[in-house]
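J.: So that we are looking at the same thing, I have put the structure below in structure tokens.
Just so you know, all these numbers are worked out from the coordinates, no wet-lab data involved. Fair warning: this is a prediction, and the values are worked out from it, not measured in the lab. Note that we place each Cβ from the backbone using ideal geometry, even for glycine, and neighbour counts take in every protein chain shown.
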Amino acid sequence: MHKNDLIVVGGGLVGMSIAYGLALLGRQVTVLDEGDDGLRAARGNFGLLWVQGKGYRNRPYASWTRQSVALWPQLNALLQSDTGIDVHLRQPGGFQLCLSDEELAEETLRLVWLQEAFEGDYPFELLDPAQLRKRIPGIGPGVVGACYTSMDGHVNPLKLLRALYAACALRGVKVVNGLSVDAIDQHSGGFEVRAAQQRFCSEHLVLTAGLGNRPLGAMLGMDVPVRPNRGQILVTERLQPFLQYPTTYVRQTDEGTVQLGDSLEAVGFDDRTSSPVMSEIAARGVQCFPRLAQVRMVRAWGALRVLSADGYPIYEAAHDSPGAFVVTCHSGVTLAAAHALRLAPWIAGEAEEPAIDSFNLARFKGQREVPYAH
């Protein structure tokens with residue numbers, strides 16, 4: 001039997017960010033991870049630190065997103081100090097490129113609402129094609145305009161995951177791979193998690209298993225309403241640097257490759273790629289940047305986003321199972337800093353966190369599911 005202060009179930013970006021934050025507080029943490037048999041949402045991340053437009057008609061989420069991105073330099077410094085790994089944090093601002101007047105009008109509506117919600121404290125610019133080309137040379141003639149905010153940025157998500165694993169190991173976090181949880185039992189001293197022939201005991205339990213949180217939550221009598229939404233990503237050969245800013249559809253990585261993506265597909269648990277969707281993604285990328293027309297694609301993959309019934313995070317301290325927590329979101333990179341530096345102290349009982357009050361499970365009672373926006 002293995003005993004620790006806390007067990008974190010799920011070793012993706014969300015789980016490892018929280019495990020790192022708990023380790024920073026001196027807690028003994030064990031992470032149970034399903035391994036390569038899992039759905040691995042973290043390995044399909046686009047790498048954006050995206051504030052722009054998020055939280056439209058939901059000011060608490062917009063505020064939580066902004067706070068996390070503002071904390072990112074602190075998380076980056078901690079990870080680099082612990083591991084020496086450069087996750088290539090860049091925060092030059094970001095562009096929402098619009099290929100129709102309707103797209104531009106919709107994005108403008110979101111940003112105006114958010115600026116009003118923050119009483120003017122929400123910087124953004126609307127750019128016509130001429131203004132945009134001065135900022136980003138090589139934009140295609142089909143781009144009718146763009147929205148820019150200085151709050152956005154990007155990182156290398158795979159290097160972030162590697163840095164979190166390395167930093168957790170250095171700070172004593174025990175990661176056990178290749179285990180699928182069979183049962184969770186609650187007793188007076190906390191929780192016993194059974195996986196294969198092993199048992200793990202702790203006073204506190206944190207469920208961060210993405211889409212796996214639904215069956216895991218049911219083991220504790222909780223309904224965790226999460227569903228998959230597929231996104232596909234294309235990756236080009238390495239190119240000379242031409243795009244320092246992240247955009248919602250096209251991003252050049254620190255290694256020179258270009259990522260194209262942002263499909264939204266309700267296809268259940270099917271994480272395969274599909275030719276029609278990849279063709280649409282490639283066509284949109286070429287519309288935005290015609291120079292990509294003759295570039296070779298070298299990789300493509302599909303990954304499943306983790307969406308709650310309303311699209312916003314779930315941060316639950318289980319009332320019927322004291323010491324158990326559920327954490328789920330679809331923005332594991334953007335919210336990584338808040339998870340490590342704000343949510344982990346809340347889980348550890350060292351700080352109140354009123355910013356997350358509206359993200360518990362109680363909000364779903366009697367609510368129907370809504371489509372994902374962004």
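J.: Applying 1/(1 + (r/R0)^6) with R0 = 56 Å to the Cβ-Cβ distance of GLU125 and GLU203, what FRET efficiency is obtained, to the nearest 0.05?
T.: 0.70
J.: What distance in nm separates the two pseudo spin-label positions at ASP254 and ALA351, each 7 Å out from Cα along the beta-carbon direction?
T.: 2.5
J.: Considering the stretch 260-374, what Rg and Dmax in Å follow from its alpha-carbon atoms?
T.: 18.9, 58
J.: Need the list of lysines near LYS3 for cross-linking: C-alpha distance under 27 angstrom, and skip anything on the same chain fewer than eight residues off.
T.: Hits, sequence-local ones excluded: LYS174.
J.: Let me ask something else. Nearest 10 degrees is fine. How inclined is helix 157-170 to the longest principal axis of the chain, computing both from alpha carbons?
T.: Helix 157-170 sits roughly 30 degrees off the main axis of the chain.
J.: Run the numbers on the chain and let me know its relative contact order in percent, using alpha-carbon pairs under 8 Å that are six or more apart.
T.: 25
J.: Given H placed on each backbone N at 1.01 Å, which residues far from TYR249 in sequence or on other chains put an amide H within less than 5 Å of it?
T.: For TYR249, whose amide H was placed from the backbone, the distant partners under 5 Å are LEU97.
J.: Report the Cα centroid-to-centroid distance between the stretch 186-219 and the stretch 289-334 in angstrom, as an integer.
T.: 22
J.: Once you've got the GNM for the chain with C-alpha springs shorter than 10 Å, pick whichever of HIS339, HIS187, HIS88 has the biggest mean-square fluctuation.
T.: Greatest mean-square fluctuation among the candidates belongs to HIS187.
J.: Once you order the gyration tensor axes a ≥ b ≥ c over the Cα atoms, which shape class does the stretch 203-309 get: rounded for a/c under 1.5, otherwise prolate or oblate by comparing a/b with b/c?
T.: The shape class here is prolate.
J.: Could I ask something else about it? Given a Förster distance of 25 Å, report the FRET efficiency between VAL267 and ASP223 from their Cβ-Cβ distance, rounded to the nearest 0.05.
T.: With a Förster radius of 25 Å, E is 0.60.
J.: While we're on this one: Report, as a whole number in µm² per second, the diffusion coefficient that Stokes-Einstein gives for the stretch 57-137 at 10 °C and 1.306 mPa s using the Kirkwood radius over alpha carbon pairs.
T.: Approximately 104 µm²/s, per Stokes-Einstein.
J.: Per the Cauchy relation, a quarter of the hull surface: what is the mean projected area of the convex hull of the alpha carbons in the chain, in nm²?
T.: Mean projected area of the Cα convex hull: 18.2 nm².
J.: Over the alpha-carbon set of the stretch 215-278, work out the extent along each principal axis and list the three values in angstrom, largest first.
T.: 53, 25, 16
J.: State the percent of C-alpha pairs, over all pairs in the stretch 94-150, separated by a distance greater than 17 angstrom.
T.: Counting pairs separated by more than 17 Å, the tail of P(r) holds 35 percent.
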